[in-house]
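The values are calculated or read from the model by the stated rules, or taken from the named source; none is laboratory data. From a predicted model like this one, the values you see are computed outputs, not experimental measurements. Here the Cβ is made from the backbone with ideal geometry for all residues, glycine too, and neighbour counts use every protein chain on show.
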Amino acid sequence: MLTLFYHRKHLQWGHERQNWTMEQWKKVAWSDESHFLLDHVDDWVCVCHLPAEEMAAGCTMGRRQAGRGSVMLWAMFCWETLGPGIYVDVTLTHTTYLKIAADHVHPFMCTVCKNSSCLGVSGSLIPADAESFRCFRESQEFVEKYEGALGKGKGRKLYAYKVMMMKKWMKFQRDFENFRTACIPWEMKIKEIESHFGSSVASYFIFLRWMYGMNMILFGLTFGLVMVPEALMGRPYGSMPRKTVPRSEQAGAMDFAVLWDFGGYAQYSVLFYGYYNNQRAIGWLKFRMPLSYFLVGVGTVAYSYMVVIRTMARNANRDGGGDDTSFNFSWKMFTSWDYLIGNPETADNKFASITTSFKESIVEEQESHKDENIHLTRFLRVLANFLVLCCLAGSGYLIYFVVRRSQKFALEGLENYGWWERNEVNMVMSLLGMFCPMLFDVISSLENYHPRIALQWQLGRIFALFLGNLYTFIIALMDEINLKRREEEVVKYNMTVWQASLYNGTVDDNSTTSTIPVDPADVPRGPCWETMVGQEFVRLIVSDTMTTYITLLIGDFLRAVFVRFFNYCWCWDLEYGFPSYSEFDVSGNVLGLIFNQGMIWMGAFYAPCLPALNVLRLHVSMYLQCWAVMCCNVPQERVFKASGSNNFYMAMLLVILFLSTLPAIYTIVSIPPSFDCGPFSGKKRMYDVIQETLENDFPLWFGKVFSYASNPGLVLPFILVMILAIYYLQSTSKTYKAANMDLKKKLQTQNEENKKKNKRAALKAEAELEEARNAVMDGERNYIHPNGQLLSRIPPPCGSADRPPAPRGSEMAGYLPGNPRQPGPRRQRSTNSHRY
Amino acid sequence: MGTTASQLPKDLLSEYQELTFLTKQEILLAHKRFTELVAKEDRNDPSPRVPMSKILTLPELKSNPFRKRICHVFSTSESKDGSLTFEDFLDLLSAFSDSATLEIKSHYAFRIFDFDDDGTLDRGDLEKLVNCLTGETDDTRLTPEEMKQLINNILEESDIDKDGTVNLSEFQHVISRSPDFVSSFKIVL
């Protein structure tokens, strides 16, 4: 039996030599052994007969059980000469084989290679025996021992060097591979979970890890190109109004409650948009801060799009062609077990789900539709959807209401209100996100859908809920932005008044200086809506994270502790009864993750600290959720397999990415930046920074070219061409699909044809068999000896037409091209041969 | 734990890496797990054999319905008792590893499903396979009619040459189209 090791060895050997020329092959010595039987045939013949048919006496062959005389010869040859033939008098195993090789190969090579350098011996030395490792080692030793002796002169050194380098390279590759797998974070943790809960739970953690990696890059971008340069090279804290806490807030600027809300010193730091200065170039590096800020904002979005789409494409490639439904039952049978399951409870659930899926598909096969009480079902479904819509609308209104109320609070001053009023918006959003899915779950039990369809509906509804909430939040934020901008106008006016009064007051005392040293904390300033938006998002993320962790602790950990320890003294069985342990909700968790990411994308432009916060959150989540899953969750009742849903999640991520970049881009493009804070202060629009850079830092012609390129006359045709290209690609892909379908159909008809042909051949063979049998009957009648004994006859060539090309028993035949004939398979064959 | 017995020599380790789809860490972990299973008196044996009953206590295999078949398929024991040497064990893990190809995986899957070792999946094999998949308890078991219907459907789909059995090439044909066979035919220590 060829084991996996030898497949790889053979294949590798073949690959290394696939480019050899004829001259090189001439220098190879070939060897094989052959087995000659003296008085019988060792091979076996397949006979085709119908199940009910009896064996024709003439088709069977006798076998001699003992005293089979046979001779085994071993020989080798190469292009130039023949080697000696050796009589093998023992059973050929790897040890005797090596002995023969050692005794004869070397002298043979020495005689052959006098005039030319020989490269090696044939791959026939690779043994194919079950005691694989020892054998392999021996043969390797042998080759190593004689390797040097086989080459002569110049070629020898070169060859030895080549072999050495090859070995070194392979070792390096292996070490590198080891290093790389060791570098993948949390690999062992995820594998442990995978072996307990199956691949679907693990797919969540793999997704989480993927998100972590992406956020790491985003964090690197904002941290390295925006936050660090500003902190190191920008003007220090307290040097100008936008970098100083105003006098009125200074008293409580260091309080924990204020910092927790990202006010006070946290607000006037690199964490938020408002702190950045509009100086064009900072530090000795002449770092273009505003430009860098803008480009990082754009780059974050561009990078995210690229990564998501690339991952989607890779996933699609990997499971491409899985849409074929012609093997529905066979797949259920052969591939439904998840070998990773190592937890008995998961296994039990899996058994149950496999059984139901078998039964379901049998029922589906038997009767396609049974629509009893269709009206009731329809009514219930409509009702359920109505209820869900009510929920969605209610939650949307609630959020809008709360945000408006919070604005009222903010106008009146937050100091007069308690913790709840200050955090109302975030808490309401988090609570809605927590309880609405449960409500949807209850409602969906009305609908009586197939579980998989029910899951999709559930996912879609939660998606709609989150999206609705997010967008209400954004609309409310927009209102607030408009409010702030009106306030800004007032402040701007007041400012000129204030400045005038300042000058007027001081002109009398000191007329020489035009700038008066005023503490920057006292300068009146605008509301800076950008920082406000950033703060809102940061607060939202923090409260969302907190809610997630607290739900985890209460809903999973405390529940598990309660169930575990109160089970001893309770009226009913808690573990299997009502509260029981919680399941790990893969879809909900994935959705939470996706929406969290959406908020990061939306808010990252106004709060550069968001990616850092998110990295932190994901990092903690990884450990906390791994721990929670392993210690207090039970496996899901319905075990879904991970594949197939991967791209579904990715598609949702893409939708969210698109939807979250829309408002961000809208604000960047259409709302003028605040006049006294942020890197773009003093400009009409944020993107003017590009224009400015083009004018000042690039040669004149470049700006000209750019202005021509951005001319609508050029842009419009370009867009048109793009649309045409998309249309063209779409239509070609459609034709490819059609061609694919055609080919598939052709294959199917071919298959049918083959089947028919086979059937016809079988019928024909049957008829022939019948004839032959009749003939035998006749013959028997004729050949009956006077003693009444049957004479042996040569078997008729029955069924020879249908004899399969390769014997059934040797499964590996054809598995490896050029597989040398070995004693191994032959021995194997003898154990299961003679299937008469 | 024997201090010397639990260590793999360096050259052997690199050889195993060359011959399997496993990485260094996985081989070391496998070796650790394997030495834990070896009985005390066999510790000095250079290539100890672990009986099937012990292999089946591994949590990774404990709840697998095909655990006995897996041991039998990978065992090189002469007496066909399903006992494994360390190298057999590595062979098993290698076939079930992430990087093993579909061809190898489907080949071993076929041998695992071939309960009577005759090289084809006939009705008996398929029936045993269904029983393995639906569990031992009576309430999950299929009725004889359902079983018959199911096996008929399977043969209808995958038995291309209509000989009443599924052979290796038919099996691989079916498996190679399946989207999630490779991701689920895995065992990780």
> Say we look at region A:238-256 and pick out the residues that are without any contact (Cβ under 8 Å) to a residue 40 or more places away in the chain and over 17 Å from A:M495 (Cβ atoms); which of these is surrounded by the fewest Cβ atoms within 10 Å (Cβ to Cβ)?
Replying inline: A:F256
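Results for (1) among the aliphatic types (A, V, I, L, M); (2) at pLDDT below 85; (3) within 30 Å of A:L376 (Cβ to Cβ), shown as yes or no for each residue.
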site: A:S430; (1), (2), (3): no, yes, no
site: A:M438; (1), (2), (3): yes, yes, yes
site: A:H450; (1), (2), (3): no, yes, yes
site: A:F473; (1), (2), (3): no, yes, no
> For B:V166, all conditions in the list (1) buried (at least 21 other Cβ atoms within 10 Å of the Cβ); (2) within 20 Å of the chain's Cα centre (by Cα); (3) at the interface with chain A (Cβ under 7 Å from one of its Cβ atoms) hold save one; what is the number of the exception?
Replying inline: (3)
>> Give all pairs with beta carbons closer than 8 Å in which a residue from region A:289-310 that is surrounded by fewer than 20 Cβ atoms within 10 Å (Cβ to Cβ) meets a residue that is modelled with pLDDT under 95 and basic (K, R); count only pairs at least 6 apart in sequence or on separate chains.
In response: none
> Do any residues in region A:744-765 that are within 13 Å of another protein chain (Cβ to nearest Cβ) and touching a residue at least 40 places away in the same chain (Cβ under 8 Å) have Cβ atoms under 7 Å from those of residues that are surrounded by 11 or more Cβ atoms within 10 Å (Cβ to Cβ) and not hydrophobic (A, V, I, L, M, F, W, C), where the two are at least six apart or on different chains, and which pairs are they?
Replying inline: A:A761/A:D802
>> What are the pairs with Cβ atoms under 8 angstrom where one residue, in region B:47-69, is under 27 Å from B:R141 (Cα atoms) and the other, located anywhere, is acidic (D, E)? Sequence gap at least six, or different chains.
In response: B:M52/B:D81
>> So if I check each of B:R69, B:R49, which one is over 14 Å from the mean Cα position of the chain (by Cα), buried (at least 17 other Cβ atoms within 10 Å of the Cβ) and more than 9 Å from chain A (Cβ to nearest Cβ)?
In response: B:R49
> Conditions: (1) in contact with a Cys (Cβ under 9 Å, 6 or more places away or on another chain); (2) surrounded by fewer than 20 Cβ atoms within 10 Å (Cβ to Cβ); (3) assigned to a loop (DSSP other than H, G, I, E, B). B:L61 meets all but one. Number of the miss?
Replying inline: (3)
> Across region B:1-37, what is the number of residues that are touching an Asp or Glu at 6+ places or on another chain (Cβ under 7 Å) and either farther than 15 Å from B:D91 by Cα or modelled with pLDDT under 80 (or both)?
Replying inline: 0
> From the list A:V523, A:V518, A:V491, A:V507, which one is modelled with pLDDT under 80 and within 22 Å of A:G678 (Cα to Cα)?
Replying inline: A:V518
>> Of the residues A:Q267, A:Q250, A:Q279, only one is more than 17 Å from A:P679 (Cα to Cα) and in contact with a helix residue (DSSP H, G or I) (Cβ under 8 Å, 6 or more places away or on another chain); which?
In response: A:Q250
> For region B:159-175, what are the residues that are modelled with pLDDT under 80 and not basic (K, R)?
Replying inline: B:D159, B:I160, B:D161, B:D163
> Can you tell me how many residues in region B:118-144 are outside any helix (DSSP H, G or I), closer than 18 Å to B:L168 by Cβ and within 8 Å of chain A (Cβ to nearest Cβ)?
Replying inline: 3
>> Please pick out the residue among A:M188, A:M233, A:M254, A:M227 that is over 19 Å from A:N589 (Cα atoms) and within 14 Å of chain B (Cβ to nearest Cβ).
In response: A:M188
> Would you pick out the residues in region A:517-575 that are surrounded by 18 or more Cβ atoms within 10 Å (Cβ to Cβ) and part of a loop (DSSP other than H, G, I, E, B)?
Replying inline: A:V523, A:R525, A:G526, A:P527, A:C528, A:L574
>> Please verify whether B:L61 is under 17 Å from A:E192 (Cα atoms) and more than 10 Å from chain A (Cβ to nearest Cβ), treating the condition exactly as stated.
In response: no
>> Looking only at residues that are part of a loop (DSSP other than H, G, I, E, B) and of a type outside the set (F, W, Y) in region B:92-107, which one is nearest to the other protein chains (Cβ to nearest Cβ)?
In response: B:A100
> Tell me, which residue of region A:408-428 that is aliphatic (A, V, I, L, M) and surrounded by 14 or more Cβ atoms within 10 Å (Cβ to Cβ) is modelled with the lowest pLDDT?
Replying inline: A:L414
> Among the candidates B:F115, B:F110, B:F171, B:F89, which residue alone is touching a residue at least 12 places away in the same chain (Cβ under 8 Å) and outside any helix (DSSP H, G or I)?
Replying inline: B:F115
> Among the residues of region A:399-407, is any at pLDDT 80 or above, of a type outside the set (V, I, T) and within 30 Å of A:H375 (Cα to Cα)?
Replying inline: no
